[in-house]
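The values are calculated or read from the model by the stated rules, or taken from the named source; none is laboratory data. Only a predicted model underlies this, so the values are computations on that prediction, with no experimental measurement involved. Cβ atoms come from the backbone with ideal geometry, glycine included; neighbour counts cover every protein chain shown.
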Amino acid sequence: MVNLPRKWYNIVPDLPSPLPPPRDPEDESFSRIEILSKLFPGSLIDQEFTAERFVEIPEEVLKAYSKIGRPTPLVRARGLENYLDTPARIYYKREDVSPTGSHKTNTSIPQAYYAKREGIKTLVTETSAGQWGSALALACALFDLGCLVFMTRSSYLQKPYRRIVMNLYGAEVEISPSNRTEVGRAFLRENPQHPGSLGIAMSEAIETVLKSSDARYAVGSVMNFVLMHQTIIGMETVMQLEELGEEPDIVIGCVGGGSNFAGLSYPIIGKKLRGEAHEKTEFIAVESEASPKMVRGKYVYEHGDSAGYLPMFKMYTVGRNHVPPAIHAAGLRYHAAAPTLSILIKEGIVRPVAYSQEDVLEAGRIFAKTEGIIPAPETAHAIKQVIEEARVCRQKGEGKTIVFCFSGHGLLDLAAYEKIL
Amino acid sequence: MPKKLGEILRSRRALIVYLTVGDPLVWNGKIIGALASSTDIFELGIPTRRPKYDGPAVRASYKRALQSGLDERSAILLAGKKGLRDSIVFTYFDVALAYGVEDFMKCAADAARCVLFPDLLIDYPENLGSYLKLCEKYGLEHAFFITSSFPHALIVKLAKMEPSFIYLGLMASSGILLPISISRNIRIIKGLVGDIPLVVGFALRSPEQVALCINAGADGVVVGSAILKLLETKSDVRMLEDFISSLKSALGDGNGQSAEKVV
């Protein structure tokens with residue numbers, strides 16, 4: 001049993017090369033960097049640019065983490081190992097135990113905490129799969145804040161239970177593109193049945209915040225501070241592995257923007273980058289073919305959102321206006337990999353892999369049968385890679401230790417699995 | 001090779017003033033005269049159409065310079081015309097590349113003691129070696145620009161190269177103040193650079209901020225956008241002098257000590 005870590009880990013000071021700064025576009029328009037202060041609570045902007053390697057977690061955040069079930073279990077996947085007849089030892093970090101079913105609460109909670117502390121009344125955001133929206137709605141309920149969520153049309157229609165979860169937590173949920181904002185109205189004129197995208201929903205949320213005085217934007221991935229909050233996952237895992245006497249040989253996670261992958265891997269990658277440990281550890285990031293930014297994207301400056309309200313960050317991206325096909329793993333649809341993750345890929349520290357949803361659902365089913373937990377379709381992408389690595393271990397007779405982030409359960413995404421039953 | 005800027009920064013806490021070469025608002029005898037007595041080191045910005053890390057005030061300044069007929073390519077030739085010898089040419093490596101890096105450094109050496117490229121280590125790290133060689137060849141002091149997001153191991157490595165100073169950009173863009181704890185970041189970075197003089201800048205605009213920087217360990221502070229904004233509102237030399245004086249006074253710490261360093 002481990003205790004809750006008291007600090008988050010910021011990988012920025014340990015990166016192999018300088019993190020390129022955010023930029024404003026070179027046209028005549030308003031400064032995106034300037035409006036960051038209108039979008040985010042000040043504490044989060046401070047965290048985005050801190051030179052600290054470790055950041056103290058506030059007491060109230062630790063209490064909330066504990067309340068929702070942290071530290072989360074690191075489980076040995078004996079059922080899966082036996083099924084695969086592999087000498088590999090497989091461990092998964094159960095982020096599905098959070099009340100909303102995924103790792104997203106690790107950052108929604110601190111974001112709500114800092115907003116409340118700064119006198120902000122409402123947090124506004126976007127969601128596609130509904131996991132981020134639910135996590136924010138929960139955090140706002142815990143810290144007594146208002147919550148408004150723009151949900152992409154395709155997800156709103158495919159996942160009605162997610163909307164109910166958010167409503168039960170007290171949040172207002174709006175279909176995106178919506179008539180509520182200029183950017184939404186523009187897309188609706190183009191196509192009244194527009195399926196929506198994370199980028200468009202983000203722009204709607206941001207436009208709403210910019211027009212308000214006491215609302216701020218909450219974000220589910222990409223930003224340094226989000227990935228830093230998520231390192232609670234890896235900070236716990238490092239202690240748990242030490243307790244078990246295990247050294248990770250391969251660390252795997254699925255990637256939408258990169259937050260759960262970073263959460264698990266960064267504390268371990270950090271030790272490797274500082275030359276302290278894990279010299280031979282491999283890090284594999286798995287994305288969906290529907291949004292193949294890491295394996296096929298370009299490492300360039302791009303806005304975080306479709307309308308370009310956010311600054312440009314240097315990231316592996318398929319372009320901010322990329323509209324991926326409507327897939328059930330909606331959490332993986334984002335057009336870019338977080339800046340810190342992108343630099344790690346560029347420098348060869350992290351290896352990216354992409355699968356199509358059809359490839360991964362079977363992996364999800366195997367996991368459900370052998371381990372008893374139904375993975376979210378997003379998480380199934382990571383499991384697919386875990387199975388591949390375990391098979392290689394079987395072929396080579398190598399007993400490697402594989403650790404992956406079980407980022408979320410699939411109980412509200414069962415429609416995805418219907419087609420393979 | 002005498003390192004004049006390095007000497008200045010080691011002998012006293014310095015006020016560094018940024019001016020865009022060729023911007024009629026600041027690049028004139030009247031304004032430079034008003035600034036000269038309080039300024040320890042001038043930072044000469046070369047205007048460009050691609051202001052990557054600059055905020056609105058400096059972007060507008062570049063625009064004024066280019067609109068006044070200044071050619072982007074030959075702006076560097078103007079840098080030496082005001083006789084501000086104890087100065088730093090501050091521009092993007094992109095600009096030097098367009099000119100021809102070696103020719104650019106050669107021209108800069110006629111105008112200033114140091115050339116500082118804020119994007120060198122971020123966008124052109126493979127050019128670090130040639131930057132150092134060219135500095136040596138043309139008698140320029142070398143210096144490095146870093147941000148609070150730089151790898152700590154790299155900062156330590158840069159300090160070991162014994163630059164005349166290391167310049168820490170405090171914000172994501174020049175002139176845009178974000179709620180970042182500058183004293184915490186300065187303290188951390190100062191711990192990494194050791195006794196290499198640490199110059200800090202971006203969005204500094206008040207004596208209180210200057211005092212914060214000095215107390216956190218900075219050896220010099222840069223002010224740029226604040227001057228541009230002041231003059232944009234009203235070209236009042238008196239106000240400018242008062243403003244610069246107030247910043248200069250803040251370099252001595254709050255206990256009334258002078259800016260002279262005890263060696």
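Within segment B:48-89, track down each residue that is assigned to a helix (DSSP H, G or I), without any contact (Cβ under 8 Å) to a residue 60 or more places away in the chain, within 26 Å of A:ARG23 (Cα to Cα) and among the hydrophobic types (A, V, I, L, M, F, W, C).
B:ALA65, B:LEU66, B:ALA75, B:ILE76
Across segment B:149-168, which residue is surrounded by the most Cβ atoms within 10 Å (Cβ to Cβ) among those that are without any contact (Cβ under 8 Å) to a residue 12 or more places away in the chain and more than 19 Å from the chain's Cα centre (by Cα)?
Among those that are without any contact (Cβ under 8 Å) to a residue 12 or more places away in the chain and more than 19 Å from the chain's Cα centre (by Cα), it is B:PRO151.
Could you go through segment A:233-249 and let me know if any residue there is within 14 Å of chain B (Cβ to nearest Cβ), more than 25 Å from A:THR107 (Cα to Cα) and either surrounded by fewer than 21 Cβ atoms within 10 Å (Cβ to Cβ) or in contact with an Asp or Glu (Cβ under 8 Å, 6 or more places away or on another chain) (or both).
No, there is no match, as no residue in segment A:233-249 is within 14 Å of chain B (Cβ to nearest Cβ), more than 25 Å from A:THR107 (Cα to Cα) and either surrounded by fewer than 21 Cβ atoms within 10 Å (Cβ to Cβ) or in contact with an Asp or Glu (Cβ under 8 Å, 6 or more places away or on another chain) (or both).
Output the number of residues of segment A:397-412 satisfying the condition of being in a loop (DSSP other than H, G, I, E, B) and over 30 Å from A:SER155 (Cα atoms).
Qualifying residue count for the region: 4.
Out of A:PRO192, A:PRO160, I need the residue that is free of Cβ contacts under 8 Å to residues at least 12 places away in the same chain and closer than 19 Å to A:ALA376 by Cβ. Which one?
That would be A:PRO160, the only listed residue that is free of Cβ contacts under 8 Å to residues at least 12 places away in the same chain and closer than 19 Å to A:ALA376 by Cβ.
Which numbered condition trips up A:ALA326, out of (1) surrounded by fewer than 24 Cβ atoms within 10 Å (Cβ to Cβ); (2) in contact with a helix residue (DSSP H, G or I) (Cβ under 7 Å, 6 or more places away or on another chain); (3) more than 28 Å from A:ASN191 (Cβ to Cβ)?
So the condition that A:ALA326 fails would be (3).
Would you please list the contacts, defined by Cβ atoms under 6 Å and residues six or more apart or on different chains, that run from a residue in segment B:97-112 that is outside any helix (DSSP H, G or I) to a residue that is at pLDDT 95 or above and of a type outside the set (A, V, I, L, M)?
From residues that are outside any helix (DSSP H, G or I), the pairs are B:ALA112/B:SER87.
If the requirement is being in a loop (DSSP other than H, G, I, E, B) and of a type in the set (A, V, I, L, M, F, W, C), which of these qualifies: A:ILE366, A:ILE327?
Only one candidate qualifies: A:ILE327.
Show me the helices (runs of 4 or more DSSP H) entirely contained within segment A:232-311 in which 3 or more residues are among the hydroxyl-bearing types (Ser, Thr, Tyr).
In segment A:232-311, A:259-273 are the helices (runs of 4 or more DSSP H) which contain 3 or more residues that are among the hydroxyl-bearing types (Ser, Thr, Tyr).
Condition first: touching a residue at least 60 places away in the same chain (Cβ under 8 Å) and out of contact with any Phe, Trp or Tyr (no Cβ under 8 Å at 6 or more places or on another chain). Now tell me which residues in segment A:341-351 satisfy that.
A:ILE343, A:GLU347
Sort through A:SER259, A:SER291 and tell me the only one that's in contact with a Ser or Thr (Cβ under 9 Å, 6 or more places away or on another chain), closer than 15 Å to A:PRO352 by Cα and hydroxyl-bearing (Ser, Thr, Tyr).
Result: A:SER259 is the single residue among A:SER259, A:SER291 that is in contact with a Ser or Thr (Cβ under 9 Å, 6 or more places away or on another chain), closer than 15 Å to A:PRO352 by Cα and hydroxyl-bearing (Ser, Thr, Tyr).
Is at least one residue of segment A:207-219 within 14 Å of chain B (Cβ to nearest Cβ), touching a residue at least 12 places away in the same chain (Cβ under 8 Å), touching a Pro at 6+ places or on another chain (Cβ under 9 Å) and under 20 Å from A:LEU136 (Cβ atoms)?
For segment A:207-219, residues within 14 Å of chain B (Cβ to nearest Cβ), touching a residue at least 12 places away in the same chain (Cβ under 8 Å), touching a Pro at 6+ places or on another chain (Cβ under 9 Å) and under 20 Å from A:LEU136 (Cβ atoms): present.
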